[in-house]
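Here's the structure, in structure tokens; my notes come after.
No value in this document is a laboratory result; all are computed from the given coordinates. Keep in mind the model is a prediction, meaning the values are calculated, not measured. Cβ sites come from the backbone with ideal geometry, for glycine too, and all protein chains shown count toward neighbours.
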Amino acid sequence: MVGAVAAVASFAVAPAMGWWFPHPGQSLSPLGQQIDDLFYLILVITGVTFVGVQAALGYILWKYGGGNREKGIFTHGSHTLEVVWSIVPAGILLFIALYQMDVWARYRVKSRFDPQAIAHPIAEVTARQFEWRIRYPAPGKTLQDTPQFDDLYTVNDLHAPTGRPVVIRLKSEDVLHAFYLPQLRVKQDAVPGLVIPVWFQCDKVGEWDLVCAELCGWGHYKMRGQLTAQRDGDFQRYLIELQQSQFDDGVRVANAEGKPADE
Amino acid sequence: MKLHQVSSLVVIAMLALAGCGQPPDATFSSNREKLAPLLPDARKMVEKALEENFGTPNNLVAWEKFKIDYGAADPTADDDHKHHRNPGWRLVDGRNLYMQHCVHCHGTAGDGNGPTAKHLNPRPRDYRQGVFKFKSTLGGFKPARGDLIHILEQGIPGTYMPSFVLLGPEKLGLLVDYVRWLSIRGNFEIRLAEELAGLGATESDVTQEVQNDESKKLQRSDAIKAAISAASGEVAQLIEREANDLAENWEAGDLPENAIVPKVKRHAPTRESIEKGRLLFLSQYPDPKDPDPKKKTECAECHGRAGRGDGPNTEKFWEIPKSNPKRSYETAGLHDIWGHEQKPRDLTRGVYRGGRRPIDIFRRIHQGIPGTQMAGFGAALTEEEIWDVVNFVLSVPFEGKHSAYPTEVEEQKQAEKKDVAAAQE
């Protein structure tokens, strides 16, 4: 009894304590917030049903179990009850199915993406066993479908500006992978041969997880990356620094040591 | 006893047996190829020298001879880092990271033969030769510490070597120092085994000696004794000499004067520069100083005229170097010093294993790629000419594509303008 009360109590406080989701509990993106709301809605419906059913079951056991040895009566059942417990859950499921469509469309339907973001993807992310290879367009340019001579390349550390929707083009070089940003509630499979646009918006500056969420081989567990969310200005500066280091010709005129800076 | 009691006892006994037994201590796998020809006692000398000076994976020995930061004792270390109170903790931390991230491909001894290695192509690097492909240093010099860190940060695109950039600089430093130490250990093993073999401490030397003995009185056991006593008289000196030499080599790799630093800036990849690079690549560029009027780079011999990595050299059967009697590799094509087939890079793919910065490609062309047939052209070409080749190499993936190189775009625009102007007239 104590256990049951504790379970119900912890279930009731869990959303407020942020126990359901990875650190920091709250989603960092507006759409993620809506996905969380959907999750909580379904959780409340299923939670209330579950607790109610268990309470009823316990009550029946308590009432009719133990010393009460009266002979049971056979009934054929109640038509009305059958209809009620078919129609009510069906109605609830239909409600959920219709209610979530808008969030789903915002998340997945390309025509609902921010047109500015879809026209200028910030990067192409290519998953491969077992790392994330990233290609950015040169600062001020638009990402093209094929590699360009001035593209910038990095690995595992995806930088993105905060506060506005951004799009990446997701590819896979070998097998199925999944691009998963847990704090932003974004998860999308990377499929060999397909280029899949994925959009997200991170509202908080920081370094967030990027993990592979599709078993992709023996090294799947170590296919970790990082989303570095920066203010727009910092992001542009990052690209410029990246450009300088990538087109480094190693000449160090003013360097007394005569050694390139990276050594 | 009831059945469920018996079965729970059995389960407890099984757990006790499985959980409490000590696993066998890890060992550094020995270099079978180099140790096999030696006499058993000579082999023991090598093994003893290794164990004394380098220890075992569970009990590392930090040999002070080498300029590696093994980690000085830090008496103020907190309880979570108790082992930092002992000297040599950096080596221990490096080993722990290596065992977590690297060992399954590169093996405990750095022999490139971990459990996953046989599934990979190209194979993981065997560090024991002390040869590293992608480095910033001149010719025979060891890689600088920063070169190995750079590889760990960037990974090697086109191979199974992933990036470890998220481990952060501190852990990467620990890893690189442990890898350098492993490479020194493996190289020391090879050198000592070769020296002892040179002193005649091998099975075949003894057999030959007995056979060649004209008096027919020489016993095999006496010959072995003589060979071993000769070897054991020298071994201490050999250990000293080889270790000093290795220490010197690795220190030299870190010296700034041994790095390849171009003095001439890279010039813009103009059409002329790319075209000049192409001619150099095809060995069709006139060389005014040479009686034979073409500069001999012969890039296309391996990389192919279109840069697809399919030059005529990839179809020859090459002789195995130092093979006695002479024989060729079983498969056609180039091979590296590790005996694996080595495909010249397909330049149209735009995948650069050693890095895609112009300086990376400059260094590859300047000094070649150690361990492979890629030769260095630092002596044959001027720095300007190398930059031309770099510009050409970087332009190959964009040849004839819509996403053209900037010069081509410019020329197209010019041509279009002319067309428009012509049409208006």
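Within the stretch B:208-308, the trypsin sites (Lys or Arg not before Pro) that combine a DSSP coil assignment with at most 16 other C-beta atoms in a 10 angstrom radius are B:Lys216, B:Lys217, B:Lys263, B:Lys265, B:Lys289, B:Lys296, B:Arg305, B:Arg308.
Since only B:Thr270, B:Tyr160, B:Tyr98 are under comparison, the one whose Cα sits farthest along the positive direction of the charge dipole of chain B, derived from C-beta charges on Lys, Arg, Asp and Glu, is B:Tyr160. With contacts taken as Cα pairs under 8 Å and at least 6 residues apart, chain B reaches a relative contact order of 14 percent.
By the beta-carbon count within 10 Å of each Cβ, the least crowded to most crowded order of A:Ile35, A:Ile45, fewest first, is A:Ile45, A:Ile35. When +1 charges are put on Lys and Arg Cβ atoms and -1 charges on Asp and Glu Cβ atoms, the dipole computed for chain B relative to its Cα centre reaches about 780 debye. Computed over the stretch B:76-115, the P(r) curve from all C-alpha pair distances, binned at 10 Å from the origin, holds 31, 37, 22, 9 percent per bin.
Fewest neighbouring Cβ atoms within 10 Å first, the residues B:His366, B:His4 line up as B:His4, B:His366. The ellipsoid equivalent to the alpha-carbon distribution of the stretch B:1-160 has semi-axes of 36, 23, 21 angstrom, derived from the gyration tensor eigenvalues as √(5λ) and listed largest first. What pairs in B:Lys82/B:Lys142; B:Lys133/B:Lys171; B:Lys48/B:Lys343; B:Lys217/B:Lys326 have C-alpha atoms more than 31 Å from each other? With Cα atoms farther than 31 Å apart: B:Lys82/B:Lys142; B:Lys48/B:Lys343; B:Lys217/B:Lys326.
The Kirkwood radius of chain B, taken over pairs of alpha-carbon atoms, gives through the Stokes-Einstein law at 10 °C and 1.306 mPa s a diffusion coefficient of 62 µm² s⁻¹. Here the mean projected area of the convex hull built on the C-alpha positions of the protein assembly as shown is 53.7 nm². Helix A:232-246 axis versus longest C-alpha principal axis of chain A: approximately 50°, rounded to the nearest ten. Each stretch of four or more DSSP H residues adds -39500 (n - 2.57); spread over every residue of the protein assembly as shown, this sum gives -14000 deg cm²/dmol at 222 nm. Just to be sure I understand the curve: with the Debye formula and one point per C-alpha of the stretch B:130-218, what is log10 I(q)/I(0) at q = 0.12 Å⁻¹? Cα-only, vacuum Debye calculation for the stretch B:130-218: -0.56. For the stretch B:176-193, backbone phi angles converted through the Karplus equation (6.51, -1.76, 1.60; θ = phi - 60°) give residue-by-residue couplings of 5, 5, 5, 5, 4, 5, 4, 5, 4, 4, x, 5, 4, 4, 4, 4, 5, 4 Hz, Gly and Pro being listed as x. Using a cutoff of 8 angstrom between alpha carbon atoms and counting only pairs six or more residues apart, the relative contact order for chain A works out to 17 percent. Close amide H contacts of B:Thr56 (hydrogens built in the peptide plane, cut-off under 5 Å, sequence separation of 5 or more or a different chain): B:Val61. Within the same chain, lysines fewer than 8 places from B:Lys295 are excluded, and of the rest, those with a Cα less than 20 Å from its Cα are B:Lys276. Shielding of peptide A:152-159 by partners, expressed as the average count of other chain Cβ atoms within 10 Å per residue Cβ, is 4. With R₀ fixed at 41 Å, the C-beta to C-beta distance from B:Glu257 to A:Asp174 puts the FRET efficiency at about 0.45.
Cross-link partners of B:Lys216 among aspartates and glutamates, defined as those whose alpha carbon lies under 17 angstrom from its own and excluding same-chain residues fewer than eight positions apart: B:Asp205.
Take the Cβ atoms of A:Val84 and A:Arg108, set R0 to 41 Å, and the FRET efficiency comes out at 0.70. The modelled label-to-label distance for the pair B:Ala375/A:Leu94, using points 7 Å beyond Cα in the direction of Cβ, is 8.1 nm. Here's the picture: charge each Lys and Arg Cβ at +1 and each Asp and Glu Cβ at -1 in chain A, and of A:Met223, A:Gly32, A:Ala117 the one pushed furthest to the positive end of that dipole is A:Gly32.
DSSP assigns beta bridges within the protein assembly as shown; of those with both partners inside it, close to 75 percent run antiparallel.
Here the ratio of the Cα radius of gyration of chain A to 2.2 N^0.38 Å is 1.44.
About its Cα centre, the dipole of the protein assembly as shown is roughly 1580 debye, where the only charges are +1 on Lys and Arg Cβ and -1 on Asp and Glu Cβ. For the options A:His23, A:His76, A:His220, a Gaussian network treatment of chain A with springs between C-alpha atoms closer than 10 Å singles out A:His76 as fluctuating the most.
Its convex hull of Cα atoms gives the stretch A:33-160 a direction-averaged projected area, equal to a quarter of the hull surface, of 15.0 nm².
Once R0 is set to 35 Å, what does the formula 1/(1 + (r/R0)^6) return for the Cβ-Cβ distance between A:Thr146 and A:Trp218, expressed as a FRET efficiency to the nearest 0.05?
0.65
GNM on chain A, alpha-carbon springs under 10 angstrom: the most fluctuating residue among A:Ser245, A:Ser78, A:Ser27 is A:Ser78.
Only one residue of B:Ile320, B:Ile359, B:His335 has its Cα farthest out toward the positive end of the dipole of the stretch B:319-367, where Lys and Arg carry +1 and Asp and Glu -1 on Cβ, and that residue is B:Ile359.
In this rough spin-label picture, where each label sits 7 Å from Cα along the Cβ direction, the B:Ala332-A:Val13 distance is 7.6 nm.
For the stretch A:20-64, what is the convex hull volume of its Cα atoms per residue in Å³?
56
Please report, in debye to the nearest 20, how large the charge dipole of the stretch B:225-274 is about its Cα centre when each Lys and Arg carries +1 at its beta carbon and each Asp and Glu carries -1 there. Around 440 debye, computed over the stretch B:225-274. Other protein chain C-beta atoms within 10 Å of residue C-beta, averaged over A:138-150: 3. Of all DSSP bridge pairs formed entirely within the stretch A:114-246, close to 75 percent run antiparallel. Size check on the stretch B:33-128: the Cα extents along the three principal axes, sorted descending, read 49, 36, 21 Å.
Counts of other chain beta carbons within 10 angstrom of each beta carbon in peptide B:259-265 average 5. Mean projected area of the Cα convex hull of the stretch A:114-246, taken over all directions, amounts to 7.4 nm². Got a sec? Which residues in the stretch B:30-71 would a label at B:Thr207 touch, if it sits 7 Å along Cα→Cβ and we count backbone N under 15 Å? Of the residues in the stretch B:30-71, B:36-40 have backbone N under 15 Å from the label point off B:Thr207. The fewest-to-most ranking of A:Trp19, B:Trp250 by surrounding Cβ atoms within 10 Å reads A:Trp19, B:Trp250. For the stretch B:238-352, the Kirkwood estimate of hydrodynamic radius, built from reciprocal distances between every pair of different alpha carbons, is 18.1 Å.
Cα-based values for the stretch B:32-257, radius of gyration first and Dmax second, are 20.3, 72 Å. Restricting the calculation to Cα atoms, the stretch B:271-409 shows an Rg/Rh of 1.00 when the hydrodynamic-style radius is the Kirkwood one. Computed over all pairs of different Cα atoms, the Kirkwood value for the hydrodynamic radius of the stretch A:1-82 is 16.3 Å.
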